[in-house]
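Since the structure comes first, as structure tokens, the remarks are kept for the end.
The values are calculated or read from the model by the stated rules, or taken from the named source; none is laboratory data. These numbers were taken from a predicted model, which means no experiment stands behind them. Here the Cβ positions follow ideal geometry from the backbone for every residue, glycine too, while neighbour counts run over all protein chains shown.
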Amino acid sequence: MTKMAGLLIAAMLTAAPIVATGQGKDRDSVAEATISQAFSAIQAGDPARALTMVEPVVASFDKEFSGEKRHIFCSQTAEQDGYYLTTAEGGADNVRLVTVTWCDALYVKAFALVDLDRLDDAQSAFERLVTFAPKHARYLNELAYVLLKKKEWQHSIDTYKSAEAAATFTPQRRDYERCVAFRGIGFDFVELGRLDDAEAAYRKCLAIVPDEPKSLGEIEYIKEQRKKTT
């Protein structure tokens, strides 16, 4: 796992307050501690241990929500709250907003699976996570990255586009997540041999973050590839 990836997980795990009371609050505190320890195991290069630690947390939430008939969402911003409560089938009365600890546990599980190179399982975990947080750009970007690693280029592009569109629902990370999505799209287009589309995607990132080094480097790579074909 890269240092940047580790920082992203840390940011995710502290992105929103936990709202719970009584026994639920105690349960969430224990779960949060376990998730934090699992994250530390990933940082230490031991994703297998992280997975073993976090899976019981995921299972406990699975059990709690197994009989829930309403739409379950774990929202991390007011913008996400508003979207889920106003667009879900059946209206707000048919929505249950749950603690973000639930999504944190799934996120760490999925990330550990990526580090273990269990990409099919990681894809399934991120897809499930997205059902609980469909407007969370970070989760969509991670799912798109797994699809990229599986060389499912067009599926990855489509998912990165969904992440870019969802970024507005996480305002404090909007520009960052949009740039991640555009860079991912650019990479996919390079692999498809669509160099003009790839460059256009990287330039969209640069329009958000001028002089962004990864995009600049990829554009230079594209220029070199064009030279080889002329």
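Of the residues in the stretch 88-114, how many are touching a His at 6+ places or on another chain (Cβ under 8 Å) and part of a helix (DSSP H, G or I)?
Adding up the residues that qualify gives 2.
Suppose we keep only residues that are in contact with a Gly (Cβ under 6 Å, 6 or more places away or on another chain) and free of Cβ contacts under 8 Å to residues at least 24 places away in the same chain within the stretch 164-223. Which one would you say is farthest from residue 83 (Cα to Cα)?
For the stretch 164-223, the residue satisfying everything is 202.
All but one of (1) without any contact (Cβ under 8 Å) to a residue 12 or more places away in the chain; (2) in contact with a helix residue (DSSP H, G or I) (Cβ under 7 Å, 6 or more places away or on another chain) hold for residue 109; which doesn't?
(1)
Suppose we filter 204, 151 for residues that are modelled with pLDDT of 95 or more and surrounded by fewer than 17 Cβ atoms within 10 Å (Cβ to Cβ); which single one remains?
Only one candidate qualifies: 151.
Here are some residues: 196, 211. Which one is acidic (Asp, Glu), assigned to a loop (DSSP other than H, G, I, E, B) and surrounded by fewer than 15 Cβ atoms within 10 Å (Cβ to Cβ)? Reasoning before the result, please.
Working: 196 fails: assigned to a loop (DSSP other than H, G, I, E, B).
Testing whether each residue is acidic (Asp, Glu), assigned to a loop (DSSP other than H, G, I, E, B) and surrounded by fewer than 15 Cβ atoms within 10 Å (Cβ to Cβ) leaves just 211.
Give the stretch 115-132 a look and list any residue that's among the hydrophobic types (A, V, I, L, M, F, W, C), touching a residue at least 40 places away in the same chain (Cβ under 8 Å) and either part of a helix (DSSP H, G or I) or assigned by TED's automatic domain parsing to the domain that holds residue 169 (or both), or say none.
Once the filter is applied, which keeps residues that are among the hydrophobic types (A, V, I, L, M, F, W, C), touching a residue at least 40 places away in the same chain (Cβ under 8 Å) and either part of a helix (DSSP H, G or I) or assigned by TED's automatic domain parsing to the domain that holds residue 169 (or both), the stretch 115-132 yields only 132.
Within the stretch 168-178, can one find any residue that is within 29 Å of residue 53 (Cβ to Cβ) and among the hydrophobic types (A, V, I, L, M, F, W, C)? Let's see the steps before the verdict.
Kept after step one, since they are within 29 Å of residue 53 (Cβ to Cβ), are these residues of the stretch 168-178: 170, 172-173, 176-177.
Subset that is among the hydrophobic types (A, V, I, L, M, F, W, C): none.
Looking for residues that are within 29 Å of residue 53 (Cβ to Cβ) and among the hydrophobic types (A, V, I, L, M, F, W, C), one finds none in the stretch 168-178, hence no.
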